[in-house]
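The values are calculated or read from the model by the stated rules, or taken from the named source; none is laboratory data. As the structure is a computational prediction, the values presented were derived from the model and not from experiment. Cβ: placed from backbone, ideal geometry, glycine included. Neighbour counts: every protein chain shown. For the accessible areas, the whole protein counts, side chains as well, though only heavy atoms, and no ligand, DNA or RNA atoms are used. Shrake-Rupley method; radii C 1.70, N 1.55, O 1.52, S 1.80 Å.
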Amino acid sequence: MTRSVRIHAFGDADVLSIEDIDAGEPGAGEVRLRIHAIGLNRTEITLRSGRSPVKPALPSSIGFEAAGIIEALGPDVSGFTVGDRVALAPAYGAAQYALYGEVSLAPARSLVAIPDSVSFSEAAATWVAFGTAWGGLVALGRLGAGQSVLIGAASSSVGLAAIQIANQLGARPIALTRTSAKADALLGHGAAAVVVTGEQDTAAEVKRLTDGKGVELVLDPVGGAAFSELARATAQGGTLILYGALAPDPTVVAPFEIFARDLTIRGLAFPSLMRNDAQLAALKRFVGDGIAEGTLRPTIARTFHFDQIADAHRFIEAGEQLGKIIVTL
């Protein structure tokens, strides 16, 4: 038996329950992991709260991102051995595997070897953040050198990863944040400029920063009423990529804003993108090379112990962190 988090109802962080379960034996294409670090994501918050449009049958396991050591290999697994240090680039749902736990099964297809110089916590903070940012900026957004990108919720782990990737591509990352409290930190993390949405006219400030042109690309996890302001900040023929729904209100953009300026609005679901073998391989190369070269590095805001999983969820929901929340075992 092993300790694992389960939910028996949807709701606030109090529904997270640590229980004894049987992790089972890995099936075809699976491994069993001894987990050392868990990366927390809004995906699990959305699932736990009941806001996810796809709800698992209850009681349910939970977990999306983790790093650990392979304990056992299932049939048809090659390229890895027992004892390997690995992390996961998720191509599955947040309730498909019991990754909030001491031991869990996991798909071998998603495994990424952890370099000796990288800790389990750093590895667990890497692949969803940089994978989502890569998916939006590179795979879908085709961001190029000399272009500008507007990054929503820039202090999140994905936002900080997007700043790094934009800089690596030779693009200009403009960070969005609600208050000026994080502005200096965002500049210190590589943002070329910061727009404070609660204190400035977003579209007007972006136009000022881009000599009236607007940005070629927008990467936003918020949506809601403010999304129309991001559309107004986008250049003619630009692209807006929505990868989250942090705002509870509907996302509405005036049709004229879209067709009169030839805007493209796309959705990004990281697990869906990773189901494509070529995209998964390209992500592993891009991020793996960046980690090895030191040009990409995750930012860990705070670490909690496994027994504090509910507190860790409350902390991420408060939205005050800069970077990734990690849970260690």
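The table that follows gives values for the structure above.
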quantity	calculated
Accessible area of region 176-329 divided out per residue, in Å², using a probe of 1.4 angstrom	48
Positive-end residue, the chain charge dipole about Cα centroid, Cβ charges, pick of 163, 323, 47	163
Cβ-Cβ FRET estimate between residue 3 and residue 184, R0 fixed at 41 Å, reported to 0.05	0.50
Within the accessible area of region 1-58 (1.4 Å probe), percent carbon and sulfur	49
Relative contact order of region 71-178, defined on C-alpha pairs under 8 angstrom at six or more residues apart (%)	21
Region 120-202: trypsin sites (Lys or Arg not before Pro) in DSSP coil with no more than 12 other Cβ atoms inside 10 Å	142
Qualifying lysines (Cα of each under 21 Å from Cα of residue 324; at least 8 residues distant if same chain)	182, 284
For region 1-150, accessible area per residue (1.4 Å probe, heavy atoms of protein chains only), Å²	37
Region 1-99 - convex hull of alpha carbons, volume per residue in Å³	103
Full-extension gain in nm, residue 297 to residue 28, via 0.36 nm per residue minus C-alpha separation	93.6 nm
Cα convex hull volume per residue for region 234-329 (Å³)	180
Sequence-distant residues sharing a close amide H with residue 66 (under 5 Å, placed H)	39, 88
Projected-area average for region 148-194 over all orientations - Cα convex hull basis, square nanometres	2.6
Gain on full stretching of the segment that runs from residue 289 to residue 119 - 0.36 nm per residue minus C-alpha separation	59.5 nm
Amide H contacts of residue 216 (H built 1.01 Å from N, under 5 Å, at least 5 apart or other chain)	148, 235
Gain upon complete extension [residue 229, residue 204; 0.36 nm per residue less C-alpha separation]	8.1 nm
Residue-by-residue Karplus 3J(HN,Hα) for region 247-257, coefficients 6.51, -1.76, 1.60, Hz, glycine and proline x	6, x, 8, x, 8, 10, 10, 4, x, 4, 4
Overall dimensions of region 12-57 as given by Cα atoms, namely Rg and Dmax in Å	13.6, 35
Cα-centre dipole for region 13-125 with unit charges at Cβ (Lys and Arg positive, Asp and Glu negative), debye to 20	440
Rg ratio (alpha-carbon, reference 2.2 N^0.38 Å) - region 115-177	1.13
In sequence order, calculated HN-Hα J values of region 19-25 (Karplus, 6.51, -1.76, 1.60; Hz; x Gly/Pro)	10, 8, 9, 9, 5, x, 9
Among 82, 221, 309 - extreme Cα towards positive end, dipole of the chain, charges at beta-carbon	221
Region 172-312 - Kirkwood radius from inverse mean 1/r over Cα pairs (Å)	17.4
Taking the convex hull of Cα positions in region 267-307, its mean projected area over all directions (nm²)	4.9
Peptides ranked, highest mean first, by Cβ atoms within 10 Å: ranges 100-108, 125-133, 113-121	125-133, 100-108, 113-121
